[in-house]
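Following: one structure in structure tokens, then a few remarks.
The values are calculated or read from the model by the stated rules, or taken from the named source; none is laboratory data. Remember, predicted model here, so these are calculated numbers, not experimental data. With ideal geometry, Cβ positions are generated from the backbone for all residues, glycine too; neighbour counts draw on all protein chains shown.
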Amino acid sequence: MHTERDSLKNLHRALAWMTYLNDVDIKDGGATFFSHYGLEVQPRKGLTLIWPAEWTHAHRGNILQADSKYIITGWMHLRK
């Protein structure tokens with residue numbers, strides 16, 4: 001489980017985003033889990049998630065049982 005603003009070096013992060021680059025069958029796991037909300041998002045090609053880069057949106061990737069999961073991710077920064 002992690003957040004996007006967990007140290008002094010990344011305090012400038014305001015938003016995080018992630019786009020799934022392939023589908024993952026629900027039986028294979030690999031969902032992204034947001035613990036404070038009990039929310040699991042199953043990877044679907046082209047689906048983009050955007051969330052605040054704060055402790056309120058701690059998340060993890062659930063264990064993938066088969067195949068592969070591909071993502072691209074990034075952050076929107078506040079000006080320094």
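Taking every residue in the range 65-80 that is under 20 Å from Glu4 (Cα atoms) and pairing it with any residue that is basic (Lys, Arg) and assigned to a strand (DSSP E or B), at least 6 positions away or on another chain, the pairs with Cβ-Cβ distances below 9 Å are Trp75/Arg13; Met76/Arg13; His77/Arg13; Leu78/Arg13.
Evaluated against (1) under 20 Å from Leu11 (Cα atoms); (2) assigned to a loop (DSSP other than H, G, I, E, B); (3) hydrophobic (A, V, I, L, M, F, W, C), Ala66 falls short on exactly one condition, (1). Scanning the range 11-25 for residues that are of a type in the set (A, V, I, L, M, F, W, C) and either in a strand (DSSP E or B) or modelled with pLDDT of 95 or more (or both), we see that the one that is surrounded by the most Cβ atoms within 10 Å (Cβ to Cβ) is Val24.
With respect to being more than 20 Å from Ser68 (Cα to Cα) and either hydroxyl-bearing (Ser, Thr, Tyr) or more than 10 Å from the chain's Cα centre (by Cα) (or both), Tyr20 falls outside the description.
Yes/no per residue for (1) in a strand (DSSP E or B); (2) of a type outside the set (S, T, N, Q); (3) surrounded by fewer than 16 Cβ atoms within 10 Å (Cβ to Cβ):
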site	(1), (2), (3)
Glu4	no, yes, no
Lys9	no, yes, yes
His36	no, yes, yes
Glu40	yes, yes, yes
Ile50	yes, yes, yes
Arg60	yes, yes, yes
Gly74	yes, yes, yes
